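Working notes, beginning with the structure itself.
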Amino acid sequence: MLLIILNLAAQTEIYDKWDKLSNKYIQAETKEGIAFHSLDYRKLENDTIFAEIILSLQKFDISHLSNHEKKLAFWINIYNIAAVKVVLDNNIPASIKDGGNLFKPVWKNEAIDVGGRIYSLGEIEHEILRPMNQPLIHFGIVCASLSCPDLIKQAYRPETVIGQLEENTKRFLQNKTKGMKVNRIKKTAEISNIFKWFKDDFESVPKFIEKYSEVDISAYKIKYLDYNWNLNIPKEERR
């Protein structure tokens, strides 16, 4: 019981620290024609709180993540923290994809130590989160790119994670620059490539979109918006 209490306290501390960093370094802006939430990687890199989070995760015991919501919130946060760490480990590149190559893309590289085990971004996404059968995860995990769903200014928490994901999904679909752009006259809907890449995770893409946007695109011609992989960094912070 004591170990469970200590682990819960450690988890809460990690989330509280991520809240502080998110509130401090995330801001809304527009770049390259895309409205997005930028992250000031350079300032975050020099903030000791991020290093404290990474150290805490190395000691974290995931065996005490006892239910669906706890696991969901934890691993979404870890994916986002790991993506930030990958960017920093690669000296803040123009794109997170620059951290890999043709033979070994960045998603397969070692990214973060959780409880003494090293995970890649791909492992967290495809082997932990996607098997949880919750399509909303695609609007919570952020691969550090302009066309990704936005980072939010708070950690995902077990008691609020579903509501947080639903709100992020709604905002993403309302974003015409990367989520969904509808032409009601021409009956066309340009949607994010997320709906093409992960089509199998959605029971029905049109029904999912209607649920979270109240727009019925079932009779529309579907096109896909260009996906901009450039880093979600403020304009003035590129090195």
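Computed with every protein chain present, the accessible area of His126 is close to 90 Å² [probe 1.4 Å]. Here the contact order of the chain, divided by its residue count and restricted to Cα pairs under 8 Å and six or more residues apart, works out to 23 percent. Per residue, the accessible area of the chain comes to 50 Å², computed with a 1.4 Å probe over protein heavy atoms only.
Computed from the C-beta positions of Arg117 and Asn183, the FRET efficiency with R₀ = 41 Å rounds to 0.30. Distance between the 7 Å Cα→Cβ label points at Asp226 and Glu167: 3.3 nm. The per residue volume of the convex hull around the alpha-carbon atoms of the range 49-119 is 96 Å³. Only protein heavy atoms count here; on that basis, with a 1.4 Å probe, His37 has an accessible area of about 50 Å². Taking every C-alpha pair closer than 8 Å and separated by at least 6 residues, the mean separation divided by the residue count of the range 81-135 gives a relative contact order of 24 percent. Going by the alpha-carbon gyration tensor, a ≥ b ≥ c the square roots of its eigenvalues, is the range 23-161 rounded (a/c under 1.5) or, if a/c is not under 1.5, prolate (a/b greater than b/c) versus oblate? Judged from the Cα gyration tensor, the range 23-161 comes out rounded (a/c under 1.5).
Looking at the range 1-87, the GluC sites (Glu not before Pro) that sit in a DSSP loop and have at most 12 other Cβ atoms within 10 Å of their own Cβ are Glu32.
Once the Cβ-Cβ distance of Glu69 and Ser218 is raised to the sixth power relative to R0 = 22 Å, the FRET efficiency obtained is 0.10.
The C-alpha atoms of the chain occupy a region whose extents along the principal axes are 60, 43, 36 Å, arranged from largest to smallest.
Only protein atoms count toward the accessible area here, which uses a 1.4 Å probe; on the range 186-239, the carbon and sulfur part of that area reaches 43 percent.
The fraction of accessible area contributed by carbon and sulfur in the range 25-165 is 49 percent, rounded to a whole number (1.4 Å probe; ligands and nucleic acids excluded). For Thr188, the amide hydrogen comes within under 5 Å of the amide hydrogens of Asn183, Lys221, counting only partners 5 or more places away or on other chains and with H modelled in the peptide plane. Under the criterion of Cα pairs below 8 Å and six or more residues apart, the relative contact order for the range 18-101 equals 20 percent.
At R0 = 45 Å, how high is the FRET efficiency between Phe198 and Ala9 if r is their beta carbon distance? Nearest 0.05 is fine. Once rounded, the FRET efficiency stands at 0.85.
The values are calculated or read from the model by the stated rules, or taken from the named source; none is laboratory data. This is a predicted model, so every value here is computed, not measured. Quick reminder, even Gly has a Cβ in these numbers, built from the backbone with ideal geometry, and neighbours come from all protein chains shown. Surface areas here come from the heavy atoms of the whole protein model, side chains and all, with no ligands, DNA or RNA. Shrake-Rupley method; radii C 1.70, N 1.55, O 1.52, S 1.80 Å.
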